[in-house]
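Below: one structure, written as structure tokens.
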Amino acid sequence: MSLILVSPNLDQPQRQARLEGVLAPLAERGDIYRVSRAEELAPRPGDRLVFALALDETGLNQQYLPFLARLRRERELLKGCTGGIIVDGPGELYTKSTAANLALAMNGAGCALIGRPLVEATGSLANFAVQAQNLGTDLPGAYQAAVAQLIQRLETEIFPRRERPKLLALHASSHHTSNTMALWDQVRNRLGDRWEIREIGLRNGTISDCSGCPYTMCLHFGERGGCFYGGVMSQEVYPAVRWADALVLLCPNYNDALSANLTAFINRLTSLFRQTRFYDKAVFALVVSGYSGGDLVARQVVSAMNMNKSFYLPPYFAMLETANRPGEVLAALGIHQRLDDFARRMEESLVQPSEP
């Protein structure tokens, strides 16, 4: 296993300087490969990668674009690798959106991402205020500590496989008309008896959105495994999330976004997240769009569940399909091969191989 630092140089050396400062401890190590040009990237299965990007004032890095193109074009470029991301920007915008686009492209090229894989440095570094206070240091010190922690986790964490994984499917769709549910039924049939599977529906007002309780109140109820607002989240969903080794979110594309109930579920997870991290739980997604835009919904799942809520992102975590009329998704060209591939990848990510 090698650690590869992928850091395309920005055409503005003064903007690159802060990022180079936090990367200096890595530069002093003799066991790290640094890649600055897209054509040099040739990882092997098992390698760990850190993409480190400095952005200009427009939120771009022109030398990074060939990397993005290769990731989107070559579906097995990062197969078997695990990754993390560092993005350093001059302002308060574009760092997280750049990271989310990169994470989705890495994952689509076969790379897993550890839970909370992003170290994001805005221009002011104000996003490190809480960490700095907790560590008793200044903002640059907290930035440096976050990078060190990311590298340490990337090099040491191994996502555990299970003999019989527990899978929780969450949806807010009708079984009778939903292409997304039709897709899930096919996936579930392919998973077989090596999985223990539960389904929870979040329809018809059964879940209210997060109302933004004060931090101490949220922490208080989270420590007791619940939430101030109770309901189906506390009674059914929280216990199921604690039980599960992996979640699969069934995501019809509503106006290029997650449905309201799935969004409310993610927001309400904050109470559990205050109590524990989800590094040892994986997230998958089935996304069906009526016309286009499935990548926008998948990117939301990456941002919310992997980058924010700390779920592990297995390689090829999402199946993206386009279908409009009921039942249309199962008539799509090549759909059954794609279903076979998706179920197989789920198994490769979570199921412990049988002994020969």
Task: Cα gyration tensor shape of the stretch 87-163, rounded if a/c is under 1.5, else prolate or oblate by comparing a/b with b/c - done: oblate
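Assuming a ≥ b ≥ c are the square roots of the Cα gyration tensor eigenvalues, decide whether the stretch 286-356 counts as rounded (a/c under 1.5), prolate (otherwise, with a/b larger than b/c) or oblate.
Judged from the Cα gyration tensor, the stretch 286-356 comes out oblate (a/c at least 1.5, b/c at or above a/b).
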- [ ] Mind listing the long-range amide H neighbours of Phe311? Cut-off is under 5 Å, sequence gap 5 or more, other chains count too, H placed in the peptide plane at 1.01 Å from N.
- [x] Arg116, Asn306
Open item on the list: Compute, for the chain, the length of the dipole vector about the Cα centre, with Cβ point charges of +1 (Lys, Arg) and -1 (Asp, Glu) only. Units Debye, rounded to 20.
Closed with: 540 debye
Open item on the list: For Leu269, what residues show an amide H to amide H distance below 5 Å, using hydrogens built from the backbone and excluding near sequence neighbours?
Closed with: none
Open item on the list: Under 10 Å, Cα contacts only: if you run a Gaussian network model on the chain, which one of Ala142, Ala17, Ala282 comes out with the highest mean-square fluctuation?
Closed with: Ala17
Task: Leading residue at positive end of dipole, the chain (Cβ point charges), from Phe311, Trp195, His336 - done: Trp195
Task: √(5λ) per eigenvalue of the Cα gyration tensor, the chain, largest first, Å - done: 33, 25, 20
- [ ] Could you work out how far helix 179-191 tilts from the main Cα principal axis of the chain, as a 0 to 90 degree angle to the nearest 10?
- [x] 90 degrees
TODO: Mind giving me the nanometre distance, one decimal, between the label points for Val130 and Glu236, set 7 Å out from Cα along Cα→Cβ?
DONE: 3.0 nm
Task: Most mobile listed residue (Gly115, Gly334, Gly290) in the chain, GNM with C-alpha springs under 10 Å - done: Gly334
Open item on the list: Quick query: amide H of Gly83 versus all other amide H atoms, modeled in the peptide plane; which residues come in under 5 Å with a sequence gap of 5 or more or a different chain?
Closed with: Leu49, Ala112, Leu113, Ile114
Task: Order of Trp195, Trp243 - criterion: other Cβ atoms within 10 Å of each residue's Cβ, fewest first - done: Trp243, Trp195
Task: Acute angle (nearest 10 degrees) that the helix 13-27 long axis makes with the longest principal axis of the chain, alpha-carbon atoms - done: 80 degrees
Open item on the list: Using each residue's phi in the stretch 100-106, evaluate 6.51 cos²θ - 1.76 cosθ + 1.60 at θ = phi - 60° and report the 3J(HN,Hα) Karplus result to the nearest Hz, with x for Gly and Pro.
Closed with: 5, 4, 5, 4, 5, 5, 4
- [ ] Sort Met1, Met181 so that the residue with the fewest other Cβ atoms within 10 Å of its own Cβ comes first and the one with the most comes last.
- [x] Met1, Met181
TODO: Given the options Ser271, Ser124, Ser289, state which has the largest fluctuation in a GNM of the chain using a 10 Å cut-off (strictly under) for Cα springs.
DONE: Ser124
Task: Cα-based helix-to-principal-axis angle, 335-350 vs the chain, degrees rounded to 10 - done: 60 degrees
- [ ] Calculate, axis by axis, the spread of Cα positions in the stretch 34-174 along the three principal axes, and write the results as whole Å, longest axis first.
- [x] 45, 39, 36
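Taken together, the values in this text are just the output of simple stated rules run on the coordinates, not laboratory data. All values reported here derive from a predicted model rather than from experimental measurement. Quick reminder, even Gly has a Cβ in these numbers, built from the backbone with ideal geometry, and neighbours come from all protein chains shown.
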